[in-house]
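Take a look at the structure set out below.
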Amino acid sequence: MNLSYLTNIGKTSKNQEDSLLLAECGKEPRIIQANLTKAVTLPIFPTLLAVSDGIAGLKYGEVASTLTLSFLAQIIQKDSAIPTAKAIRIAQERLSMYAFKKPKYSGMGATLAGVRFFEDEAHVFNVGDSRVYLFRQGKLSQLSIDHTLARKMAMEGEIADEKEAANAYKLLNSAIIASDDEGDFQISITKIELNGGDKLLICTDGLSDMVDDATIQKYFLKYDDSGELVTKLYQKAMRNGGLDNISLIVCF
């Protein structure tokens, strides 16, 4: 599989609170928190790919995102048969225990989105508003589910269109928080079979808030090279404002 990634602080943020996870069988998982301007491309046979975004307004988001990915990778690496949702909940418990031992980190939190690969299927998972997309046969579809107040209000009929209200109601209603009170946070998991020619995009909202789905689809149609695609998507997000940390992984 050909994989490219990029993570950047963006135009207006003071801190880089996004992290990326690249894990493959038999190798030490890589947690990446950087300020890149061009894609890094690797040949890889992944077992687990993910992004995590430290929650704005809470302290130590850079720690929360890094530890969330690190704990998740450790748990799955130790037990390859563990259900994905259980692994995520244990990761949250470990994050809470870390904060219990170091109280200054209490209340820190992060989103999570990624793909776990098996022999005959893949599990797409997310908590919060980081996303996973599938590009198949010329069409882009979002596989993850945004855990935001806007989506909840749209589903309950309180607003007509969650996209129109997204800026006003972007508050998360689920995240991985370092707290004993967060045991019932929402996890979304979708199981899919990957076909030849499928392409995956995993990203934080620094990309999806700046570049709409129709434009992302156009870029997938235009650029066949994963590294060029990632770089061009990042550049588009920056041209559109770059109002948050921008992180994305694309694999073919």
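No value in this document is a laboratory result; all are computed from the given coordinates. If you're wondering where the values come from, they're calculated on a predicted model, not measured in any experiment. Note: ideal-geometry Cβ built from the backbone for every residue, glycine included; neighbour counts use all protein chains shown.
Some points to look at:
- Of all residues in region 90-147, those satisfying the criterion of being among the aliphatic types (A, V, I, L, M), touching a Leu at 6+ places or on another chain (Cβ under 6 Å) and over 20 Å from ALA23 (Cα atoms) are MET108, LEU143.
- Top-ranked residue in region 200-252 [being outside any helix (DSSP H, G or I) and β-branched (Val, Ile, Thr); ranked as surrounded by the fewest Cβ atoms within 10 Å (Cβ to Cβ)]: VAL211
- Wholly within region 75-155, strands (runs of 3 or more DSSP E) carrying at least 2 residues that are crowded, with 19+ Cβ neighbours inside 10 Å: 112-117, 122-127, 131-136
- Where a residue in region 84-98 is touching a residue at least 60 places away in the same chain (Cβ under 8 Å) and its partner, wherever it lies, is surrounded by 17 or more Cβ atoms within 10 Å (Cβ to Cβ) and aromatic (Phe, Trp, Tyr), with Cβ under 8 Å and at least six apart: THR84/PHE125; ALA85/PHE125; ILE88/PHE125; ALA91/PHE71; GLN92/PHE185; LEU95/PHE71; TYR98/TYR105
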